[in-house]
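The values are calculated or read from the model by the stated rules, or taken from the named source; none is laboratory data. Here the structure is a predicted model, which is why all the values come from computation and not from measurement. As a convention, Cβ positions derive from the backbone with ideal geometry for all residues, glycine included, and neighbour counts pool all protein chains shown.
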């Protein structure tokens, strides 16, 4: 994230190391190899943004898709997103079922917007 306000908006808490903002290369090697090699620190991308950005970035760069109105419909197993054990994550609750979470507010949305140019964010100024 380029600033503490953006971080707080998407992650729901204050950034605890504001002095580090802008000092990390975004660690998606396939897209930012040169930045990573030149940097002393690398921010690890989330799994959903990695999948979405690797699929969409070439299409955006070639002008095949626009950066507004993109919908990423991604599904992970019950252990995805670091979910701890709860009644709604037991096998009986999830077998042959899918439930949505984080619609319009998923914490990794900012990473996808940053990489695809869907906002004013720049990958060279991101920090977890």
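Condition test on residue 22, is it assigned to a loop (DSSP other than H, G, I, E, B) and touching a residue at least 40 places away in the same chain (Cβ under 8 Å)? Break it down stepwise before answering.
On the way: assigned to a loop (DSSP other than H, G, I, E, B): yes; touching a residue at least 40 places away in the same chain (Cβ under 8 Å): yes.
Yes.
Test residue 36 against the criterion of being in a loop (DSSP other than H, G, I, E, B) and surrounded by 10 or more Cβ atoms within 10 Å (Cβ to Cβ), and give yes or no. Step through it out loud before you land on a result.
Working: in a loop (DSSP other than H, G, I, E, B): no; surrounded by 10 or more Cβ atoms within 10 Å (Cβ to Cβ): yes.
Answer is no for this residue.
Give just the number: which of (1) loosely packed, with under 15 Cβ neighbours inside 10 Å; (2) under 13 Å from residue 116 (Cα atoms); (3) free of Cβ contacts under 8 Å to residues at least 40 places away in the same chain does residue 68 not satisfy?
(3)
Report yes if some residue within the stretch 116-125 is surrounded by 11 or more Cβ atoms within 10 Å (Cβ to Cβ), under 19 Å from the mean Cα position of the chain (by Cα), modelled with pLDDT of 80 or more and part of a helix (DSSP H, G or I); otherwise report no.
Going through the stretch 116-125, the residues surrounded by 11 or more Cβ atoms within 10 Å (Cβ to Cβ) turn out to be 116-119, 121-125.
Going one step further and asking which of them are under 19 Å from the mean Cα position of the chain (by Cα), we end up with 116-119, 121-125.
Now drop any that are not modelled with pLDDT of 80 or more, which leaves 116-117.
From the residues that got through so far, the ones that are part of a helix (DSSP H, G or I) too are 116.
For the stretch 116-125, residues surrounded by 11 or more Cβ atoms within 10 Å (Cβ to Cβ), under 19 Å from the mean Cα position of the chain (by Cα), modelled with pLDDT of 80 or more and part of a helix (DSSP H, G or I): present.
Is it fair to say residue 81 is in a helix (DSSP H, G or I), surrounded by 13 or more Cβ atoms within 10 Å (Cβ to Cβ) and modelled with pLDDT under 85? Spell out how you get there, then give the answer.
On the way: in a helix (DSSP H, G or I): yes; surrounded by 13 or more Cβ atoms within 10 Å (Cβ to Cβ): yes; modelled with pLDDT under 85: yes.
Yes.
Would you say residue 55 is without any contact (Cβ under 8 Å) to a residue 24 or more places away in the chain and within 13 Å of residue 112 (Cβ to Cβ)? Outline the logic, then answer.
Values: without any contact (Cβ under 8 Å) to a residue 24 or more places away in the chain: yes; within 13 Å of residue 112 (Cβ to Cβ): yes.
In short, yes.
Count, please, the residues in the stretch 1-16 that happen to be surrounded by 11 or more Cβ atoms within 10 Å (Cβ to Cβ) and either touching a strand residue (DSSP E or B) at 6+ places or on another chain (Cβ under 8 Å) or assigned to a loop (DSSP other than H, G, I, E, B) (or both).
4
Take residue 45 and decide whether it is at pLDDT 85 or above, closer than 23 Å to residue 3 by Cα, outside any loop (DSSP other than H, G, I, E, B) and within 15 Å of the chain's Cα centre (by Cα). I'd like the intermediate steps shown before the answer.
Numbers: at pLDDT 85 or above: yes; closer than 23 Å to residue 3 by Cα: yes; outside any loop (DSSP other than H, G, I, E, B): no; within 15 Å of the chain's Cα centre (by Cα): yes.
Considered against the rule, which asks whether it is at pLDDT 85 or above, closer than 23 Å to residue 3 by Cα, outside any loop (DSSP other than H, G, I, E, B) and within 15 Å of the chain's Cα centre (by Cα), residue 45 comes out as no.
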